[in-house]
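Visitor: One structure is given below, represented as structure tokens, and several questions about it will come after.
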Amino acid sequence: MTHIVDADTCTGCEACVDVCGPESISMEDGIAVIDPDTCIDCGACVPECPVDCISAD
């Protein structure tokens with residue numbers, strides 16, 4: 001299981017990028033994208049998102 005970003009809700013604030021330990025989150029066209037191959041499902045990004053656009057897949 002990985003985490004996913006709702007691209008329609010993401011504001012591109014980069015708060016999740018700053019807390020991602022394995023650096024699995026990158027910004028593409030102003031939207032956060034989580035790499036499922038490197039995401040360790042720690043969930044650190046979920047509470048950091050101010051618009052609640054990250055959830056478990």
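The values are calculated or read from the model by the stated rules, or taken from the named source; none is laboratory data. Quantities reported herein were computed from a predicted structural model and do not represent experimental measurements. We place every Cβ from the backbone using ideal geometry, glycine too, and count neighbours over all the protein chains shown.
Visitor: Would you point out which residue out of V46, V33 is assigned to a strand (DSSP E or B) and under 8 Å from the mean Cα position of the chain (by Cα)? Lay out the reasoning, then the answer.
Guide: Working: V46 fails: assigned to a strand (DSSP E or B).
Checking each option against the conditions leaves just V33.
Visitor: Now for a separate question. Can you find a residue in the range 32-42 that is surrounded by fewer than 17 Cβ atoms within 10 Å (Cβ to Cβ), at pLDDT 95 or above and among the small types (G, A, S)?
Guide: no
Visitor: Does E28 satisfy the criteria of being out of contact with any Pro (no Cβ under 9 Å at 6 or more places or on another chain), free of Cβ contacts under 8 Å to residues at least 12 places away in the same chain and of a type in the set (D, E, K, R)?
Guide: The answer is yes for E28.
Visitor: From G21, G12, which residue is at pLDDT below 95, of a type outside the set (V, I, T) and outside any strand (DSSP E or B)?
Guide: G21
Visitor: Something else now. Restricting the search to the range 13-38, which residues are touching a strand residue (DSSP E or B) at 6+ places or on another chain (Cβ under 6 Å) and of a type outside the set (V, I, T)?
Guide: Scanning the range 13-38 gives C16, S24, S26, A32.
Visitor: Does A15 satisfy being small (G, A, S) and surrounded by 12 or more Cβ atoms within 10 Å (Cβ to Cβ)? Explain how you work it out, then say what you get.
Guide: On the way: small (G, A, S): yes; surrounded by 12 or more Cβ atoms within 10 Å (Cβ to Cβ): yes.
Spelling it out, A15 is indeed small (G, A, S) and surrounded by 12 or more Cβ atoms within 10 Å (Cβ to Cβ).
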